[in-house]
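Since the structure comes first, as structure tokens, the remarks are kept for the end.
The values are calculated or read from the model by the stated rules, or taken from the named source; none is laboratory data. This is a predicted model, so every value here is computed, not measured. For neighbour counting, all protein chains shown are included, and Cβ atoms are generated from backbone atoms with ideal geometry for every residue, glycine included.
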Amino acid sequence: MAIVQMKCPVCGKDTPVNDERSFAFCSECGSRFDLEQRIDNSISPSNDEMLTKKLEEVYFYIKLSGEKQEDQNLNSEPTFYEKAQDILVQLVQEFPDDYRVYWELSKPLDFNNPENTKDYNNVFTIGDHNFNRALDLAPIEMKRTLIDAKDNYENKKNKAVQDYRERLKIQEAQAIKEQAEREEANRQKEEAEREEARRRRELEFQKDLAENEVKAEEVKAEESSYEEIEATTSLAQNNETMTKNVANKSVNVENKRKDKKSIQNKMIIFTVLGLILSATFIFGGPCSIYALYLLNKNKDIPSKNGIRILLYILNILVVFIFAFIVLVLFFSALG
């Protein structure tokens, strides 16, 4: 038994195989291939060697493309992948009957990494024309391997795309939830701000009310003080007025007393004159009449009733004498 290195017909990688067995599995991609059929269907050693070298160069660029993660950056040109594609296009012209060329040519950029693909819009797919051509040229035992490899890629990629879309839905739902939470937080913040503003306005109102009450108390106290001052001033003015009134009354009383004294003196003088001049027709009667006028006008003068009665009697007597003389003169003039 000997272990030899053989190229995998699917991925083109060297894989160790037992030359005594009729089939082997690729250590790289896991594909099963028949050793006897591979030997029978192989091309000539020289052509096979040349194709192998070209495919090794293709595998080199594909591996380098994977290392550079060209399938992860969709916005830049996949330089090394395109180099491998250019070589495969040339190989199609040189080896038009080798299924491996068409199989490699049908592989998309993300064929070796479908689980982590960024091609969520399925831009990269296995080329149907080249795949069908590879399937037509491949030996019977490889057809199933190619189909399984294609299905495996598509299943993994579809799952990756589905997982991405699920994550996208979750992210969108999370974004909607976060947006709702932010809006709710903003609403609560605005409500808290409005409540705080209302509370501040209420506190300011209470403060203004308290200040107004204090001012009202101060004004009231000032008014009370003014009222007290006015009351004191009014009382002083009243006292002054009363003092003046008392003084005026005293003056008036004194004046009245003087007037009464003067009138009383006049009464006595005219009564005396009436008595003295009672014998005279011209002066006695008028003096007594004037004295009686003063007595009737000033009923409280003199204040002593005895003197007042005496003055009445004397003046009436004089008037009677005056009247008697008038009558005598009248009748004398008639006789």
- Message: Of all residues being of a type in the set (A, V, I, L, M) and surrounded by fewer than 17 Cβ atoms within 10 Å (Cβ to Cβ) in the stretch 50-91, which is farthest from the chain's Cα centre (by Cα)? Just the residue, please.
- Response: Met50
- Query: Is it fair to say Asn121 is surrounded by fewer than 11 Cβ atoms within 10 Å (Cβ to Cβ) and in a loop (DSSP other than H, G, I, E, B)?
  - Reply: yes
- Message: Just checking, does the stretch 55-77 include any residue being over 25 Å from Lys156 (Cβ atoms), modelled with pLDDT of 90 or more and assigned to a helix (DSSP H, G or I)?
- Response: yes
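Listed here are the residues, each with its yes/no results for (1) within 26 Å of the chain's Cα centre (by Cα); (2) of a type outside the set (D, E, K, R); (3) surrounded by 12 or more Cβ atoms within 10 Å (Cβ to Cβ); (4) over 30 Å from Asn47 (Cβ atoms).
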position	(1), (2), (3), (4)
Leu137	no, yes, yes, no
Glu141	no, no, yes, no
Glu181	yes, no, no, yes
Ala197	yes, yes, no, yes
